[in-house]
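Everything below concerns the one structure shown next.
The values are calculated or read from the model by the stated rules, or taken from the named source; none is laboratory data. All values derive from a computational prediction rather than experimental measurement. FYI the Cβ positions are ideal-geometry reconstructions off the backbone, even for glycines, and counts take in every protein chain you see. For accessibility, only protein heavy atoms count, side chains too; no ligands or nucleic acids. Shrake-Rupley method; radii C 1.70, N 1.55, O 1.52, S 1.80 Å.
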Amino acid sequence: MRWTLALLSLAWRPAVRAQSLRYDLSTAPELNIAIIQPFRSSSAISSASPSQETLATITDPASLVVPFIGVINGGHVFPGATLPHGMVKTGMDTDAPGNHAGYDGDPKSNVTGFSQLHDSGTGGAVPLSNFKLFPFAECSSFDKCPTSLASRKILRRILPDGTPDDFASPGYFSTNLSNSIRVELTATRRTALHRYTFPAGTKHPRIAVDITNDGQRSSTDPVMTLDPQTAQVKGGASFAASFGPGRYSAFTCVTFKGDGFDLGKPTEFGAWLANFPVQGTTNILQLYFGFIDELGALFTFSPAPRGKTTILARVGVSLISSDQACANAEEEIPDFDFDKVHNNARAQWNDLLGRVQVDTTGVPLDTVKLFYSSLYRTHISPADYTGENPKWNSTEPYFDSFYCNWDTYRTLYPLMSLHDPATFARIVRGMIDIQKHEGWLPECRGATAMHFIQGGSNGDPIVSEFFVKFHEQAAALNVSPDDLYNALLADAENEPPNWNLQGRQAGVWKQLGYIPDDTFSPGGANSKQVSRTLEHAFGDFAISQVAKVLGKADDQQKYLKRAGNFANVWNPAISVPGSPQIKGMMQLRFANGTFNSTDPRHCSIHDPAQATCFLNAANRDGFYEGSPITYVPQDTAKLIDLQGGNQSFIQRLNFIFDQDYFDATDEPSQQIPFMYHYANRPGLSTQRSRQVIAEFFNTSRNGLPGNDDSGAMGSYAAFYLAGLYPLPATEQFLLSSPFFKQISFFNPVFNTTTVIRSNNFKGNPENGTGGRVFVQRVTVNGKPYKSNCYLDWDVFKTGSVVELTLSDDINVSCGSGPDALPPSISTGGYD
């Protein structure tokens, strides 16, 4: 979610307990690779490749991940410790304005604690950041410890290059505070493990547990008890959702242990309110806590007999109860073994990331790191909250942190289709289960609370993406085709009581074929009318493709027809002021069929009104995070026809880039660089997409153009670097040239590996312009392919070798056969 938009929306080393732990991978002599057999498993490959070579396999891809990409200037990326799709995301919290993921890379920001729950890359208000722990090296006395958020905060140690002394890798985070306390974090799915190392000579090491201070400081109804014998803390509270009107409850269970010595029971203990620790108290009922919204527990421990004192804190989390949080902690980390937990987390990340392999020959290390870092962020959200849903009992998986589907449906889930379909299946099962109990598929959600919908019912293309590609494996993956289709029909046909939070404004959509500008209803805000029209059209297209797979011919045609409703808000008479050749726009339309008018520059950097296009019930311009020229990916051929043919379409695309209307932070714009494919100019797509990477993405802390949006920007960049762009809920991927001589995708459900190889690869121009990067010819398993512009899903399903012949001539084409151009509805491609 980014609030400025474009005109056309169309070798690992184990953790070392030292004062500083930082690796500079740019100086590493090798990439932790091993020469092994070329592919994991694919009989099709061994017989299909005429020039198969032994590949250098990256065995520790986690070593190439840079978690700090996008931690400043609005990226809001979470750099802390988590498992793939883990519920617990334990990390540092700061007091910087950009602390949406807790952390901020500004060296002037203060540390306020180390909490257990975060989201990554979001806008809105600060989500989660629950149950902070904070260490004190010395207080003058127990009751003088500055326990409040504002008083306890502290700077980090700053390195000579001016950056904070922080380190992160998948499953691990560490920092050195300015008071010489070292903090290390790792995690299992529902439990965090902290390691606090106090400097030698610390006489009274203390740790505070903060029950109430979440990211918004929104807690109510706190509960907390502490055990003076074991220093176990149980507690919880109710907290506000960050992007909607709801609330959620969360609970914790914290237990301490000495690392290498017997910690014993605490020498001092008590609850605290703001800056007032009260020694000897064990329950917040012993305090007048209703007047102050900050409270928690504080313990003093005996130091280690010699040297530094290292204390482990195990923090279980639950949305059910503090007792369940304790059970989670005992089940997942029974022995407080920090290195074991860290190594297990690292292994899970390596297994997942290692399913995608790249040939690093002739490629700068930063490009390799950018790819694996982008792939990594694809798997931070949504989060696996299975067993932690307090709203109903179910044996189905439960996933949360859909923040939001509008951001992620375009690229995140299609990337999962390529290498992690089993997790994708569990996410889909969880979404269907939510629909069964709440009536509609989830749209935007955090910690069980519904958040505001950004576009349409964008759960539809997500579950459709899964089923179109894995319907033959659905039963084995425990996904019910009937339940999935019924969930889609509920979105398509049933109007919810509040379409701000779930479903669609289905009644008027079915009646008029668009969302009119002048129809008010008590069921939701009368805004985003054009955006919702376009999103609903795409949702219905996705449903039509599921109906096609299921053999429901009448439904397929019904929803294909509704997918064409995008044209109902196309006004051919509107042009861009000062550029009359750019004519024809998506526009607001009244219920009587006449058009209203929105300036085509709306929501762009050229917008005279400087509109934010954010959620606002008073915002009546009809568009959300996108401008009045909008793409329709399922029928781009029709869009070309509406715009006057190929040359006019290319002229418009060039105008968007040349006049700086393109905005890489705007998800609806993600496909724009690849849309030249549909006008048979794939060379222009290749150049534009490479220029996007060169201009907007890098491995620095400022390496993202805006919010990462729960991995939407990560998956987007990963696809561009792979030379692909997905068409969700279809069997096609648009094809360009990868940034690597070779890239392969191992799919564990099919047990196949698909390789895309550029036989005459000659590197990547730094600025993305020119070079031998344009796809001239494509073969699959040694035979000429039908198109140079896209690959069908069968190529990935069966495990194939795709070989590209590259050219330095930008004037390449999709080919000359009847199926050379990517399919569209109006060309019969999805009938």
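Amide H to amide H distances under 5 Å link D119 with S129, where only residues 5 or more positions off or on other chains count and H is placed in the peptide plane.
Give the shape of region 146-266 as rounded, prolate or oblate, defined through the alpha-carbon gyration tensor: a ≥ b ≥ c are the square roots of its eigenvalues, a/c under 1.5 means rounded, and otherwise the shape is prolate if a/b is larger than b/c and oblate if not.
Values: a/c = 1.75, a/b = 1.22, b/c = 1.43.
Verdict is oblate for region 146-266.
The dipole here belongs to region 336-400: it is taken about the Cα centre, uses +1 on the Cβ of Lys and Arg and -1 on the Cβ of Asp and Glu, and is about 140 debye. Seen through its C-alpha gyration tensor, with square-root eigenvalues sorted a ≥ b ≥ c, region 229-292 comes out oblate because a/c lies at 1.5 or above while a/b is not bigger than b/c.
Set the Förster distance to 51 Å, then compute FRET efficiency between K108 and D339 from the Cβ-Cβ distance, nearest 0.05. So, using R0 = 51 Å, E works out to roughly 0.95.
At 0.36 nm per residue, minus the direct Cα-Cα distance, what do D482 and D143 gain on full extension? Give it in nm, one decimal, please.
Values: separation 339, 0.36 × 339 = 122.04 nm, distance 6.16 nm.
Between D482 and D143, full extension yields 115.9 nm more.
What full-extension length gain, to one decimal in nm, is calculated for N760 and D794 as 0.36 nm per residue of separation minus the Cα-Cα distance? Could the numbers behind the result be given before it?
Numbers: separation 34, 0.36 × 34 = 12.24 nm, distance 2.50 nm.
Using 0.36 nm per residue and subtracting the Cα-Cα distance, I get 9.7 nm.
Per residue of the chain, what 222 nm ellipticity follows from adding -39500 (n - 2.57) for every DSSP H run with n ≥ 4, rounded to the nearest 500? Calculated from helices alone, the mean residue ellipticity at 222 nm is -7000 deg cm²/dmol. Structure note, pairs K762/K786; K528/K558; K510/K561: Cα-Cα distances above 18 angstrom occur for K762/K786; K528/K558.
Taking all Cα pairs closer than 8 Å and separated by 6 or more residues, the relative contact order of region 689-831 comes to 21 percent. In region 258-332, which trypsin sites (Lys or Arg not before Pro) are in a loop and have at most 13 other Cβ atoms within 10 Å, using DSSP for the loop call? Sites meeting the loop and neighbour criteria: R306. For the chain, the equivalent ellipsoid built from the Cα gyration tensor has semi-axes of 46, 31, 24 Å, listed from largest to smallest. For region 724-831, the dipole from Cβ point charges (+1 on Lys and Arg, -1 on Asp and Glu) about the Cα centre works out to 340 debye, to the nearest 20.
Rounded to the nearest 0.05, what FRET efficiency do S180 and A573 have when you use their Cβ-Cβ distance and R0 = 60 Å? Present the calculation step by step, with values, prior to reporting the outcome.
Working: r = 69 Å, r/R0 = 1.15.
With R0 = 60 Å, the Cβ-Cβ based efficiency is 0.30.
Summarising the amide proton neighbourhood of L273: residues at separation of 5 or more, or on other chains, whose placed amide H is nearer than 5 Å comprise V278. In this structure the amide hydrogen of D518, modeled in the peptide plane, comes within under 5 Å of the amide hydrogens of A591, none closer than 5 places in sequence on its chain. Taking the solvent-accessible surface of protein heavy atoms with a 1.4 Å probe, what is the per residue accessible area of region 178-293 in Å²? Per residue, region 178-293 has 37 Å² of solvent-accessible surface. The slack in the chain from F520 to S813, taken as 0.36 nm per residue of separation less the alpha-carbon distance, amounts to 100.7 nm. With all protein chains in place and ligands, DNA and RNA left out, the 1.4 Å accessible area ranks L415, L159 as L159, L415, largest first.
By accessible area, using a 1.4 Å probe on protein heavy atoms only, the chain has 49% of its surface on carbon and sulfur. Projecting label points 7 angstrom from Cα along Cα→Cβ for N702 and T395 puts them 5.5 nm apart.
Using r as the Cβ-Cβ distance of T225 and E331, and R0 as 22 Å, what FRET efficiency do you calculate, to the nearest 0.05? Numbers along the way, then the final one.
Working: r = 21 Å, r/R0 = 0.97.
For R0 = 22 Å, the calculated efficiency reads 0.55.
When a/c is below 1.5 the answer is rounded, else prolate if a/b is larger than b/c, else oblate, so apply that to region 726-775 with a ≥ b ≥ c taken from the square roots of the Cα gyration tensor eigenvalues.
Oblate is the answer for region 726-775, as a/c is 1.5 or above yet b/c matches or exceeds a/b.
Applying the Karplus relation 6.51 cos²θ - 1.76 cosθ + 1.60 with θ = phi - 60° to region 227-232 yields 3J(HN,Hα) values of 9, x, 7, 10, 6, 8 Hz, where x marks Gly and Pro.
So what is the relative contact order for region 463-549, in percent, with contacts set as C-alpha pairs under 8 Å and at least six apart? Walk me through the intermediate numbers first.
Values: 73 pairs, mean separation 25.1, N = 87.
Across region 463-549, relative contact order equals 29 percent.
Tell me, what is the percent relative contact order of region 300-340, built from C-alpha pairs under 8 Å that lie six or more residues apart? Write out the running numbers ahead of the final one.
Values: 20 pairs, mean separation 11.6, N = 41.
Relative contact order, region 300-340: 28 percent.
Sequence-ordered 3J(HN,Hα) estimates for region 442-448 from the Karplus curve with 6.51, -1.76 and 1.60 and θ = phi - 60° stand at x, 10, 10, 7, x, 6, 6 Hz, glycine and proline given as x.
Applying the Karplus relation 6.51 cos²θ - 1.76 cosθ + 1.60 with θ = phi - 60° to region 472-478 yields 3J(HN,Hα) values of 6, 9, 4, 4, 5, 9, 6 Hz, where x marks Gly and Pro.
Region 606-680 and region 756-824 have Cα centres separated by 26 Å.
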